[in-house]
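Here is the structure we will look at.
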Amino acid sequence: MKQNTYVLLALLLLLVSSCKDDDNEVNGTGIVEFSLENLAEIENATSSLNVNIGVDSFNHGGGTVDVTISGGVYGTDYETSQGADFFTLDIDAQSLLATFSLQPIDDELIEENQDLTITLSNATGNLNLGDNTALTFTIIDNDDPLIAVVGFEVSQSQIQENATDSNQINIAFSQETTDGGIISITSSGDAVFGTDYSIVGQTTSDFDLVIPAGATSASFEVQSIDNSVFGADKDIVFSISGVDGGLSIGTETTHTLTIENDDLPPNPIIDFDATNTLTYNEDAGTITLNFELSGTTTSDATVELTTSGDADASDFNFNGSNANPFVLNIPSGSSSASVDISILDDSDIELDETITLTISSVSGGLDAGVSLQSQTITITDNDFVPFNYVETFESITNLSDIGYETVLIGQDPSFPNGSVLKYHNKVNSYTDVNDVSLTSDNGMQIFHNISGGAGILDHMVITQQLVGSGSMTVNLDVAYITGINKNTTEITYYYSDTYSGSGSFVESEWNVMGTATAASLDAEGIARTQFKREAFTINPTGNFYVAIRVFQDVNPVNDVVQWRFDNFQVNSN
């Protein structure tokens with residue numbers, strides 16, 4: 001029995017010894033290869049990236065492997081920890097990993113991503129190459145393409161009708177365009193493509209310019225087409241209607257090219273006289289507009305005058321005629337001409353009105369001119385009635401009685417309904433309309449304290465529509481009741497001639513006349529409960545409204561809002 005035990009123990013010792021011999025075995029062969037097929041790094045990476053080469057077993061005696069990097073320029077696109085794009089790596093005995101690092105080099109070039117191919121070759125010692133001996137390393141470009149903002153270099157130019165050279169129209173770029181693109185051009189105006197002008201290299205008046213990569217400008221050329229017909233100068237309006245690729249539309253999107261007439265008229269020409277008086281009072285009676293003739297007529301001529309504008313037959317006529325167009329006959333031998341217009345007075349209070357006369361047709365011994373074929377006459381109203389509006393609040397019980405409305409702007413919806421400007425009666429607490437130092441009993445008041453809620457108080461009271469226009473003075477009386485230590489209310493005075501009566505506040509519809517705070521009134525020497533009569537000059541172009549806006553952030557520190565207003569007055573200047 002003891003003998004069997006000794007045999008078992010000897011076998012166990014032999015097994016342990018055998019295992020130790022395996023751990024120290026370095027006569028085997030290791031297979032070297034990449035464990036990945038692809039790696040990538042951004043061009044402006046701040047640290048290098050390790051590239052690992054694996055060995056499948058540690059029972060090897062080591063050796064070397066060659067590394068070759070192709071597909072890029074060493075020192076321009078990248079660098080390695082080994083200092084070259086070809087090098088030999090030593091792999092120690094029993095090592096499972098060999099490593100080198102690769103660092104992309106940042107530049108400002110806009111380019112495609114750069115693919116490097118890293119290849120293993122020529123394994124020596126106790127190493128053999130595996131199957132995966134190539135790895136693709138992608139350097140990702142971080143430079144954005146340059147987008148050029150494009151626009152016409154100038155807004156207008158001229159070319160003679162009989163010019164032998166074309167006119168070059170330049171489109172400027174804000175910078176070089178990396179990718180190029182297309183600029184689409186459309187044309188309009190009274191010049192006719194193919195009759196009055198052509199565009200070099202184009203078959204239509206709307207066309208595309210193909211812009212190559214790297215371009216810093218673009219242009220196209222326009223050639224005028226000569227004829228022997230006298231006529232007015234003609235315009236071509238070129239517009240940049242769209243771009244694509246590495247381009248963006250700038251602010252100078254149109255260019256007007258004027259084709260200047262070079263032909264003499266067969267007859268004298270007629271234009272309006274530039275020295276004509278063009279503004280008249282409604283009671284002017286009969287006025288005369290003169291024409292300029294470039295020479296003396298050798299035969300009778302007929303001129304048609306077309307009228308437009310907001311004046312109508314009740315405002316003027318041609319010595320009793322309301323014909324439109326009106327026919328003016330000019331006899332042979334004339335070197336001047338004129339037309340009489342009767343301005344009709346009325347008692348209507350109205351805005352200024354206009355009559356635009358246009359020479360629409362000329363025949364016989366005259367031709368239409370090229371300088372001044374239209375003139376506009378303005379008729380000013382003479383029926384002015386001074387505007388006067390006064391509201392003292394002495395004969396009402398609610399603001400709605402006089403057509404005033406309250407508009408909530410940013411006001412906290414939890415506030416009581418009464419926390420707005422409203423009619424208020426208190427003996428001797430308001431001002432006399434004729435003397436701000438005297439008192440009255442009625443006006444408007446806003447009162448809110450924090451017991452009614454904290455938050456934003458923001459609303460306005462708007463008068464009824466006031467019928468009038470022109471220069472006016474607005475007066476109203478204001479007093480702050482809450483002391484300045486707690487009073488951060490902002491008062492804004494507005495007027496509007498565009499408010500629609502919608503019951504909503506649209507800031508663009510309102511013009512600020514002025515502002516007030518308790519601090520600003522105090523700085524003027526206006527004490528608490530003392531009224532100041534505000535005065536503002538406005539110039540509405542039509543019927544209008546006046547409004548007061550009250551704003552305060554109600555909080556535990558500024559916990560009371562109380563202001564009073566009285567005596568709205570608006571009078572023509």
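The values are calculated or read from the model by the stated rules, or taken from the named source; none is laboratory data. Keep in mind it's a predicted model, so treat the numbers as computed, not measured. Cβ coordinates were reconstructed from backbone atoms using ideal geometry, including for glycine residues, and neighbour counts include every protein chain displayed. Heads up: the accessible areas ignore ligands, DNA and RNA and are worked out on the full protein's heavy atoms, side chains in. Shrake-Rupley method; radii C 1.70, N 1.55, O 1.52, S 1.80 Å.
Any chance you could give the angle, 0 to 90 degrees and rounded to 10, that helix 2-23 forms with the longest Cα principal axis of the chain?
50
Hey, could you pull the Cα Rg and Dmax for the stretch 344-449, both in Å?
Using the Cα atoms of the stretch 344-449, the pair Rg, Dmax is 27.8, 85 Å.
Cross-chain or 8 or more residues apart, Cα under 26 Å: how many lysine pairs in the chain fit that? Count them up, please. The partial results should precede the final answer.
Numbers: K422/K486; K422/K532; K426/K486; K426/K532; K486/K532.
Counting lysine pairs in the chain gives 5.
Along the stretch 390-395, what does the Karplus equation 6.51 cos²θ - 1.76 cosθ + 1.60 (θ = phi - 60°) give for ³J(HN,Hα), rounded to whole Hz, x for Gly and Pro?
My calculation for the stretch 390-395 gives 9, 10, 9, 6, 7, 10 Hz in order.
Please report, as a whole percent, how much of the solvent-accessible surface of the stretch 380-445 comes from carbon and sulfur atoms (probe radius 1.4 Å).
Values: 1730 of 3590 Å².
For the stretch 380-445, the apolar C and S fraction of the accessible surface comes to 48 percent.
How large is log10 of I(q)/I(0) for the stretch 360-400 at q = 0.35 Å⁻¹ when the intensity is taken from the Debye formula with one equal scatterer per alpha-carbon?
Computed log10 I(q)/I(0) values: -1.21.
Quick check for you: with a 1.4 Å probe and neighbouring chains kept, what is the accessible area per residue of the stretch 400-533, in Å²? Spell out each step's value before the answer.
Details: 6120 Å² over 134 residues.
Ligands and nucleic acids excluded, the result is 46 Å² per residue.
What is the percent carbon and sulfur in the accessible area of the stretch 461-573, measuring with a 1.4 Å probe over the protein chains and ignoring ligands? All intermediate terms of the calculation are to be shown ahead of the outcome.
Working: 2060 of 4510 Å².
Here carbon and sulfur together make up 46 percent of the probe-accessible area.
Order of 316-328, 48-60 by packing, highest average Cβ count within 10 Å first?
On the way: 316-328: 14.1, 48-60: 17.2.
Per-residue Cβ counts within 10 Å, averaged per peptide and sorted highest first, yield 48-60, 316-328.
Whenever you get a sec, line up Y430, Y495 from highest to lowest accessible area (probe 1.4 Å, protein heavy atoms).
Numbers: Y430 5, Y495 35 Å².
Descending order: Y495, Y430.
Between the stretch 272-308 and the stretch 389-404, how many Å separate their Cα centres?
Centre-to-centre (Cα) distance: 54 Å.
Amide H of G364: which non-local residues (sequence gap of 5 or more, or other chain) have their own amide H closer than 5 Å, using H built in the peptide plane?
HN-HN under 5 Å from G364: T302.
With unit charges on the beta carbons (Lys and Arg positive, Asp and Glu negative) and the dipole taken about the Cα centre of the stretch 92-231, which residue among N170, V229, T203 sits farthest to the positive side?
Of N170, V229, T203, it is T203.
Could you tell me how far the Cα centroid of the stretch 324-345 sits from the Cα centroid of the stretch 526-545, in Å?
51
Using each residue's phi in the stretch 511-517, evaluate 6.51 cos²θ - 1.76 cosθ + 1.60 at θ = phi - 60° and report the 3J(HN,Hα) Karplus result to the nearest Hz, with x for Gly and Pro.
9, 7, 8, x, 9, 8, 9
Can you classify the stretch 448-541 as rounded, prolate or oblate using the Cα gyration tensor, where a ≥ b ≥ c are the square roots of its eigenvalues, rounded means a/c under 1.5, and otherwise it's prolate if a/b beats b/c and oblate if not? Spell out each step's value before the answer.
Values: a/c = 2.72, a/b = 1.41, b/c = 1.92.
Oblate is the answer for the stretch 448-541, as a/c is 1.5 or above yet b/c matches or exceeds a/b.
Please report the Cα spread of the chain along all three principal axes, rounded to whole Å, starting with the longest.
Computed over the chain, the largest-to-smallest principal extents equal 147, 88, 39 Å.
With every protein chain left in place, what is the accessible area of D352 in Å² (1.4 Å probe, nearest 10)?
We get 90 Å² for D352.
With the contact rule set at Cα under 8 Å and sequence spacing of 6 or more, what percent relative contact order holds for the stretch 182-337? Before the final figure, lay out the partial values.
Working: 224 pairs, mean separation 30.1, N = 156.
So the answer I get is 19 percent.
Could you work out how far the C-alpha centroid of the stretch 441-506 sits from that of the stretch 96-119, in angstrom?
Here the answer is 69 Å between Cα centres.
Going by amide H atoms built from the backbone, whose H comes under 5 Å of the H on E292, apart from near neighbours?
D271, F272, D273
Report the FRET efficiency, 1/(1 + (r/R0)^6), for V237 and T376, where r is their Cβ-Cβ distance and R0 is 25 Å, rounded to 0.05.
Values: r = 23 Å, r/R0 = 0.92.
Calculated value: 0.60.
What is the Cα convex hull volume of the stretch 373-528 when expressed per residue in Å³?
179
Remind me, relative contact order of the stretch 107-189 in percent, using alpha carbon pairs under 8 angstrom and six or more residues apart? Kindly include the intermediate steps, with their values, before the conclusion.
Numbers: 83 pairs, mean separation 23.7, N = 83.
Relative contact order for the stretch 107-189 comes out at 29 percent.
Can you run phi through the Karplus equation (6.51, -1.76, 1.60; θ = phi - 60°) for the stretch 412-421 and list ³J(HN,Hα) in whole Hz, with x for Gly and Pro?
With coefficients 6.51, -1.76 and 1.60, one gets 4, x, 7, 5, x, 4, x, 8, 9, 4 Hz.
Per-residue accessible area for V467 at 1.4 Å probe radius, Å² rounded to 10?
100
At a threshold of 8 angstrom on Cα-Cα distance, excluding pairs fewer than six apart, so keeping six or more, what relative contact order does the chain reach in percent?
10
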